[in-house]
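The numbers here are math on the coordinates, done by the rules we state, and not lab data. The shown structure was predicted, so the numbers you read here are calculated from the model rather than taken from an experiment. Here the Cβ positions follow ideal geometry from the backbone for every residue, glycine too, while neighbour counts run over all protein chains shown.
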Amino acid sequence: MTSLLQAGEADALLQASINGDLPDERGRFGPFGGRYVPETLVPAFERLEAGVKEHLHDAGFQADYQRELREWVGRPTALTYAPRLSERWGAEVWLKREDLAHTGAHKINNAIGQALLAKRLGVKRVIAETGAGQHGVASAAACARVGLPCAVYMGAVDIERQAPNVDRMQRLGAEVIPVESGDKTLRAAIDEALRKWVTDPAGIYYLLGSAVGAHPYPYLVRELQSVIGQESRAQMIEQAGALPDAAFACVGGGSNSIGLFYPLLGDDIELIGVEAGGTGDGLGQNAATLATGTPGVLQGSYTIILQDDDGQVQETHSISAGLDYSGVGPEHALLQATGRVTYLTAGDDEALEALEELCEAEGILTALETAHAYVAARKWAKKNPGKRLLIGNSGRGDKDMPTLTKYPVRIANSEGGSNDGA
Amino acid sequence: MTAHERISAAIHAANDDGRTALVPFITAGYPEPGGFVSTLNTIATAGDVVEIGIPFSDPMADGMTIQRSSFEALKKGVSLAWIFDELEKAGGFGVPLVMMSYLNPLLAFGYDKLAERALETGVCGFIVPDLPFEESDEIRSALEAQGLGLIQLVTPATPDARLKMLCDASRGFVYAVTITGITGGDVGLPKDLASYLDKVSSMSTTPVCAGFGIREAADVAAVGKHASGAIVGSALVEVLERGEDPTAFLSSLR
């Protein structure tokens with residue numbers, strides 16, 4: 001994919017990225033990013049961009065944000081050594097426990113940050129989209145916390161497979177609006193949220209949940225999620241005595257992965273993003289955007305997308321609703337093009353197996369999304385014995401129980417314990 | 001006369017006749033791909049400029065009607081290449097054609113080839129609803145090199161300075177979106193429509209056509225007092241969807 005950049009451009013862009021110079025003033029990460037939005041939303045995006053500039057790094061905002069992260073979200077989240085996985089894999093495995101953050105995933109870091117921003121911008125209400133429901137739950141909770149009404153757009157397919165989260169959002173005071181158009185998953189939910197925003201661009205704040213979309217969202221979400229990588233870096237030095245040799249995170253839109261990777265870009269650490277390989281390599285069988293996609297414009301951003309030869313965006317498949325998206329954040333497109341981050345895939349079955357292995361070995365029920373990162377980490381560990389690994393454990397798997405109960409427990413306890421009824 | 005000048009000329013000609021220019025919109029190949037050319041022929045007799053919608057998988061500025069027509073047309077295999085081929089075979093409709101397309105299908109087609117095929121098939125201009133002016137350099141220069149127009153949209157949310165800039169940049173006509181919302185609205189036109197359209201018209205040297213939410217003769221009349229033309233989209237697509245006669249509907253708007 002380096003062919004997307006001119007000769008010599010890759011190194012310069014990577015250095016700019018490490019220096020914190022990207023995105024540029026036009027919202028570009030090299031060739032990727034930008035702002036492709038309907039004219040009605042242009043003034044709203046300009047106001048948002050101005051608001052981000054004014055508040056995000058302001059001392060007063062940061063004091064509020066850091067206090068909420070500490071006292072309400074429960075940060076810093078733990079860095080957990082995984083002794084039994086380490087033994088099985090022949091490696092030293094560390095887990096960054098975003099599953100322990102309030103509401104059960106990294107999504108809350110972004111949601112509370114943007115909710116605080118929305119409050120400062122003086123909007124009347126907040127809308128959000130959700131795939132797995134984790135961002136919807138985080139948004140509902142964050143809006144309740146700051147006192148703003150919240151409506152969450154969610155694809156009808158996702159409503160069915162993530163039912164517990166729908167109930168949680170409603171109990172947290174949000175209105176959940178089913179989206180019946182398009183593919184009825186995350187992409188359709190974003191389209192519908194944008195349609196809603198167009199009806200009242202000045203009164204609505206759109207709380208986008210991933211590092212995707214038009215500028216300044218990929219930047220804003222990265223800044224709010226970078227706490228994952230910053231904490232991990234300090235905790236690895238303190239607890240493991242050194243930085244990891246490799247770090248792994250799952251990639252759908254790419255918010256937890258950019259949050260983990262961005263603060264580590266300048267270090268000598270192999271960074272590996274893992275996309276959903278679904279059931280196979282064919283168009284429509286997976287959500288492996290970076291692995292199999294091509295450049296195009298989707299939902300506000302020039303990035304890598306899954307599309308046919310006519311530029312029609314393709315439907316995706318993944319067992320995990322949170323990775324089931326046809327695009328990816330533009331900064332990941334650049335990190336792939338520069339060669340700094342490697343993007344691999346993990347299939348539905350492999351993810352299920354990895355989820356079970358982690359449950360059994362470490363007593364952690366991880367999210368189906370997160371399980372994809374473990375698949376690649378395990379393979380890497382087997383090829384690189386004795387190395388130190390960091391895995392972004394982006395969320396917990398309680399929300400996946402309706403999906404998981406469809407599959408029998410397959411891994412017998414390999415160390416001789418009882419195995420009642422499995 | 002360049003292609004985009006043909007669009008403006010057709011609108012001026014209608015106004016000189018004492019009429020509000022009528023710009024009917026259809027989604028290409030909906031409800032049936034087989035009826036595309038005959039439908040175009042029919043509406044071209046009633047319209048001064050005809051707008052052809054290119055179906056897209058993510059029509060984020062469109063309401064339910066255009067979404068439905070777009071998804072259905074895609075399902076039946078309609079593509080930009082097919083549309084150009086059909087237009088070429090038909091050999092002209094006697095009115096300037098404009099295409100309404102989201103950016104990605106145009107990007108995938110290639111801008112130079114797009115300009116070439118447009119010139120060959122009577123397409124004079126493009127409306128790209130997810131392309132703000134700031135991102136439009138590349139496609140605009142490819143189109144303008146061939147005399148084709150990139151039609152800019154303005155909305156009630158557009159600040160005055162930006163409005164002036166967009167009016168100056170627009171070719172063919174200025175597309176004045178009547179409402180703050182998506183296509184296919186049925187809540188009626190806003191009360192302050194007249195002053196908004198007067199403002200756009202006073203700033204623009206190219207004719208101004210109003211669109212979104214225009215469904216009946218009263219809407220066309222209301223718009224016509226303050227703009228040069230009226231664009232009718234979702235209401236016409238619904239007529240075609242119900243299998244009714246588009247000629248009768250379009251004449252009823254006069």
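At a glance:
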item	result
Gaussian network model of chain B, Cα within-10 Å springs - most flexible of B:238, B:116, B:134	B:134
Longest exposed-site-free window of chain A, the sites being GluC sites (Glu not before Pro) in a DSSP loop that have at most 10 other C-beta atoms within 10 Å	A:26-414
Residue A:309 versus residue B:13: modelled label distance in nm, points set 7 Å from Cα along the beta carbon direction	3.8
Helix-derived mean residue ellipticity, 222 nm - over the protein assembly as shown, DSSP H n ≥ 4, -39500 (n - 2.57), to 500	-12500 deg cm²/dmol
10 Å Cβ neighbours from other chains, averaged over peptide A:299-310	3
Taking all pairs of distinct alpha-carbon atoms in the range A:1-126, Kirkwood radius in angstrom	18.3
Calculated FRET value between residue B:186 and residue A:81, using beta carbons and R₀ = 35 Å, to 0.05	0.05
Rounded to 5, percent antiparallel among DSSP beta bridges of chain A	30
For chain B, built as a Gaussian network whose Cα springs stay under 10 Å, the top-fluctuating residue of B:157, B:90, B:210	B:157
Likely footprinting exposure, B:58, B:192, fewest C-beta neighbours within 10 Å first	B:192, B:58
Relative contact order (%) - criterion: Cα under 8 Å, at least six apart; region: chain B	23
Length gained when the stretch residue A:167-residue A:26 is fully extended (0.36 nm per residue, less Cα-Cα span)	46.8 nm
Inter-site label distance for residue A:349 and residue B:168 at 7 Å from Cα along Cβ, in nm	6.3
Residue exposure sequence - A:370, B:2, B:42 - by fewest surrounding Cβ within 10 Å	B:2, B:42, A:370
Nonlocal amide H pairs with residue A:30, under 5 Å, H built at 1.01 Å	A:24
Exposed-site-free run, longest, chain A (rule: trypsin sites (Lys or Arg not before Pro); DSSP loop; at most 16 other C-beta within 10 Å)	A:125-405
Cβ-Cβ FRET estimate between residue B:218 and residue A:61, R0 fixed at 56 Å, reported to 0.05	0.65
Cα shape, chain A, gyration tensor, a/c 1.5 rule	rounded
Cross-link pairs beyond the 32 Å C-alpha cut-off, checked among B:76/B:191; A:124/B:191; A:124/B:75	B:76/B:191; A:124/B:75
Entries of A:107/A:406; B:164/B:225; A:96/A:382 with Cα pairs more than 23 Å apart	A:107/A:406
Cysteines without a disulfide-compatible neighbour (Cβ-Cβ under 4.7 Å), the protein assembly as shown	A:250, A:359, B:124, B:167, B:209
Inter-probe distance in nm under a simple model that places probes 7 Å from Cα toward Cβ, at residue B:90 and residue B:64	2.9
Global form of chain B, assessed from the alpha-carbon gyration tensor, a/c cut-off 1.5	rounded
Cα gyration tensor, the range B:1-146 - rounded (a/c under 1.5), prolate or oblate	rounded
